[in-house]
Amino acid sequence: MSKNQIETIPAVALRGTAILPGMVVHFDISRIKSVLSVEKAMKSDQRVFLVAQKDADTEEPGAEDVYAIGTIAKIRQVVRIQKDMLRILAEGLERAQLSAFEDDGEAGNLEAEITTFTEDKPFPENESEARVRNLKESFKRYCEENPNISQELSERILEINEIGRLEDQISINLPLPFEKRQSLLSAVTLRERYETLSVLLENEISVQNIRHELQAKVKERVDKGQREYILREQMKVIREELGDDTTVTDIDNFRLAAKKLKASRDIKDKILEEINRFQNIGTQSPESAVQRGYIETLLALPWDRASKDSDDLAKAKKILERDHYGLEKVKERVLEFLAVRQLTKKGSSPILCLIGPPGTGKTSIGRSIAEALGKKYIRLSLGGVRDEAEIRGHRRTYVGAMPGRIAAGLKKAGVKNPLMVLDEVDKVSADYKGDTASALLEVLDSEQNSHFEDHYVELPIDLSEVLFIATANDAQTIPRPLLDRMEIIEISSYTENEKMHIAKEHLIPKQKAANGLKEEQLSISDRALSDMITKYTKEAGVRALERQIGDICRKTARRILEKHEMKVAVTEKNLASFLGNERYMVNPANAEDEIGIVRGLAWTAVGGETLQIEVNLMPGKGDFLLTGQLGDVMKESAQAGISYIRSIADRYKVEEDFFQKHDIHIHIPEGAVPKDGPSAGITMATAMISAITKTPVHADVAMTGEITLRGRVLPIGGLKEKLLAAKKAGIRKVLVPELNRNDIKEISREITKDLEIVYVSGMDKVLEEALAG
């Protein structure tokens, strides 16, 4: 396109709009110079040069403030809207290039010196056809994406086959922003206009596509949200009509609780899934209550909620010493656990098993350990439990299903790291419903219990941070695999001195408080307390002793109220008036050495005992009699003893036919009490040799040990209790197996004091120490 004639006409600088040739548009003007330009144009040929400002905020635009290309337009109509504002209807005629831009001094309007353009040479026919088709195709796609273009207009434009006119009509009818429309205006040649228009069309199509995608996504979300809202409102109305409106509140509460729950994503997803299931079940359904209970259980379990444990060693030690006297091994192990955790900042929780006689404080020390470590305390009594479901829970398919005791204990504790006491673990049993001890194998295995499966919960529960303390009276009744998973700490019987300390420091203050007595209203002397321990109780622990102290406190309370006594003093002299006659007699050592009578030592569930074994010889046919309700093991020990004696009979000048002409009768007094075990073997053998050789046995000697056919002495258990019994009976010398020497070293000096302990490895040494002849 080439330039044509130069002329000067009135000009109007437009703000934020560009007018293309062929466009008929309204626009408002209020600037004085623009109003004067329009008035001057109306007085001549009504032509005016319309050019866009680069910056709409410029009040006095010069040549550099407007675009180089504008449009010559013919003013069709002028309407005065306000005093200083005109509304102009103008039609764009042709493009023109601005050469100069200046004020007309006389009229005061803007004058523009412009140069018009002549038309381009047309494209070759084939090229023109190709360009027309491309433009029509692009415009057609644009119309499909933009519903604002009417079908009638699009059809009229698509009927145009002349390239220049088609470009102008598409440009005019495209809803383009000011800058893009100016770029079309600035494209003077047909080729430039075609390229600019094609790019704009493709951009607009891409923008429309993206816009539609975004709208579709937003609409989908809005529609889904609206649909869910409408459905929920309908369900709410239906439930209100049915009287089920409380369910909606419960579901909202469940969802809020699930949101606040400290748990992994998998756990939360499972709970939300169950809540949605509950929402779809009507309250009239029997499953509704089951589902509600299940959700409440899941929300109540402490999945990732833990309490902060105490790491204060000194405080822990103080609490343990305050609440319990003795039990040194237990206290030491707990303090070791604390020390390791403080150094490593983790430390796996130990699984302890306290084994000992009843009443020795196994259960109660669990509460003290919990306080010392700053843990929540949970106690599970397993005595008599014989259903596996008690541990693992019932499956939810059963009526009345509930979680097992472990999961229920965690739910009660509210944290995942409590201290859990499994009381009387040796008394669990099995039946057709399963083996409880086998169910405990997973619970008490530190390698497996991080994913404990409760049949009711159906989600893995982490028990690795739970501190388990099991208690038992007898390790023999605990299955071997279960015993192997626990750290065994044996708690032996209390000595008389330990019982004295426990009574003074714990039992007497506790019973005074329980019976409403003040400290000064009751005093119990040490001698009276000693008599209570030895003559009124016979136990390894202190339960019976506490009952006796409670009996004294009750009688004291009655005396204070009835007889108005200000203070009651209990001594060994008036003890019988409170507790009645003495109930137990200590069998003292015999005053004289006797033939066929030997003092043995035995372990019982309530502590140690001395057994006086008696042997009598009678003319007969070689019968061997055993009486005193002896068990099989004890009978076999007696048989081994007599076989050993017969093998060494010539050493003691026993006649060859002695055992064919005499009957031997072994009796152990207190025939109503069952007795068993191999530890009386050397005692029975010594008593038989004494009777056969008519040699007295030292009265102040007691012994314990298993005998073999060759006369060797094997080790036994329960030494602490046996030595206590010997000391109480006034025995001076105790014979123990050589192989028990290390066990003696662990026994406190308080017990072995005043006892001469002789280690024996064979019957020769036993007879040398025991026989008086």
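The values are calculated or read from the model by the stated rules, or taken from the named source; none is laboratory data. Keep in mind that what you see is a predicted model, and the values were worked out from it rather than measured. Cβ atoms come from the backbone with ideal geometry, glycine included; neighbour counts cover every protein chain shown. Remember, those area values only see protein heavy atoms, side chains included, never the ligands or the DNA or RNA. Shrake-Rupley method; radii C 1.70, N 1.55, O 1.52, S 1.80 Å.
Scanning region 379-399 for residues that are aliphatic (A, V, I, L, M) and either surrounded by fewer than 16 Cβ atoms within 10 Å (Cβ to Cβ) or over 23 Å from N417 (Cα atoms) (or both) yields V385, V399.
For (1) modelled with pLDDT of 80 or more; (2) among the small types (G, A, S); (3) within 20 Å of G70 (Cβ to Cβ); (4) assigned to a helix (DSSP H, G or I), each residue gets a yes or a no:
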{"residue": "I160", "(1), (2), (3), (4)": "no, no, no, no"}
{"residue": "E167", "(1), (2), (3), (4)": "no, no, yes, yes"}
{"residue": "S171", "(1), (2), (3), (4)": "no, yes, yes, yes"}
{"residue": "L185", "(1), (2), (3), (4)": "no, no, yes, yes"}
{"residue": "R191", "(1), (2), (3), (4)": "no, no, no, yes"}
{"residue": "V199", "(1), (2), (3), (4)": "yes, no, no, yes"}
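Here region 190-212 is the region considered, the condition is being within 18 Å of I172 (Cβ to Cβ) and of a type in the set (V, I, T), and the residue that is surrounded by the fewest Cβ atoms within 10 Å (Cβ to Cβ) is V199. Here K661 clears all of (1) in contact with a Lys or Arg (Cβ under 9 Å, 6 or more places away or on another chain); (2) free of Cβ contacts under 8 Å to residues at least 40 places away in the same chain except the condition numbered (2). When T704, T695 are checked against the criterion of being open to solvent by less than 10 Å² (accessible area, probe 1.4 Å) and either touching a Phe, Trp or Tyr at 6+ places or on another chain (Cβ under 8 Å) or under 26 Å from I595 (Cβ atoms) (or both), T704 stands alone in meeting it. Residues that are in a helix (DSSP H, G or I) and in contact with a Ser or Thr (Cβ under 7 Å, 6 or more places away or on another chain) were ranked within region 212-252; the one that is modelled with the highest pLDDT is R239.
One line per residue, one yes/no per condition, for (1) β-branched (V, I, T); (2) outside any strand (DSSP E or B):
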position: R599; (1), (2): no, no
position: E609; (1), (2): no, no
position: N616; (1), (2): no, no
position: L626; (1), (2): no, no
position: A638; (1), (2): no, yes
position: I642; (1), (2): yes, yes
position: E656; (1), (2): no, yes
position: F659; (1), (2): no, yes
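Of all the criteria given as (1) modelled with pLDDT under 80; (2) under 14 Å from the mean Cα position of the chain (by Cα), the one not satisfied by L467 is (1). Residues of region 429-447 that are at pLDDT 80 or above and β-branched (V, I, T): V443 alone. Among the residues of region 754-768, those identified as open to solvent by 30 Å² or more (accessible area, probe 1.4 Å) and over 23 Å from T495 (Cα atoms) are S761, D764, K765, E768. Scanning region 75-95 for residues that are surrounded by 13 or more Cβ atoms within 10 Å (Cβ to Cβ) and polar (S, T, N, Q) turns up nothing. Determine, yes or no, whether L231 is aliphatic (A, V, I, L, M) and farther than 30 Å from Q279 by Cβ. Criteria not met by L231. Which pairs turn up if I take residues in region 726-753 that are within 13 Å of M703 (Cα to Cα) and open to solvent by less than 30 Å² (accessible area, probe 1.4 Å) and look for partners that are in a loop (DSSP other than H, G, I, E, B) and among the hydroxyl-bearing types (S, T, Y) with beta carbon separation below 9 Å, at least 6 apart in sequence or on another chain? If the second residue must be in a loop (DSSP other than H, G, I, E, B) and among the hydroxyl-bearing types (S, T, Y), the pairs left are A726/T704; V734/T704; L735/T704; V736/T704; P737/T704; P737/S761; N740/T704. For K375, the criteria (1) within 30 Å of K317 (Cβ to Cβ); (2) in a helix (DSSP H, G or I); (3) not hydrophobic (A, V, I, L, M, F, W, C) hold in every case but one, which is (2). Of all residues in region 576-589, at least one satisfies being over 17 Å from Y536 (Cβ atoms), surrounded by 13 or more Cβ atoms within 10 Å (Cβ to Cβ) and of a type in the set (G, A, S).
Scan region 549-566 for residues that are open to solvent by less than 40 Å² (accessible area, probe 1.4 Å) and either modelled with pLDDT under 85 or closer than 15 Å to S577 by Cβ (or both) and jot them down. Across region 549-566, the qualifying residues are D551, I552, C553, T556. Checking each residue in region 180-205 for being within 19 Å of T115 (Cβ to Cβ) and free of Cβ contacts under 8 Å to residues at least 24 places away in the same chain picks out A187, E192. Here are some residues: D462, D454. Which one is closer than 30 Å to D266 by Cα, open to solvent by less than 30 Å² (accessible area, probe 1.4 Å), among the acidic types (D, E) and in contact (Cβ under 8 Å) with a residue 12 or more places away in the chain? Answer to the selection: D454.
Give F101, F123, F139 a once-over and let me know the one that is touching a residue at least 24 places away in the same chain (Cβ under 8 Å), among the hydrophobic types (A, V, I, L, M, F, W, C), farther than 20 Å from A73 by Cβ and not in a helix (DSSP H, G or I). Residue meeting the stated conditions: F123. Among the residues making up region 1-49, those that are open to solvent by 70 Å² or more (accessible area, probe 1.4 Å), β-branched (V, I, T) and more than 19 Å from Y67 (Cβ to Cβ) are V24, I32. Within region 602-626, which residues are within 30 Å of S492 (Cα to Cα) and either open to solvent by 40 Å² or more (accessible area, probe 1.4 Å) or not charged (D, E, K, R) (or both)? Hits for region 602-626 are A602, W603, T604, A605, V606, G607, G608, T610, L611, Q612, I613, E614.
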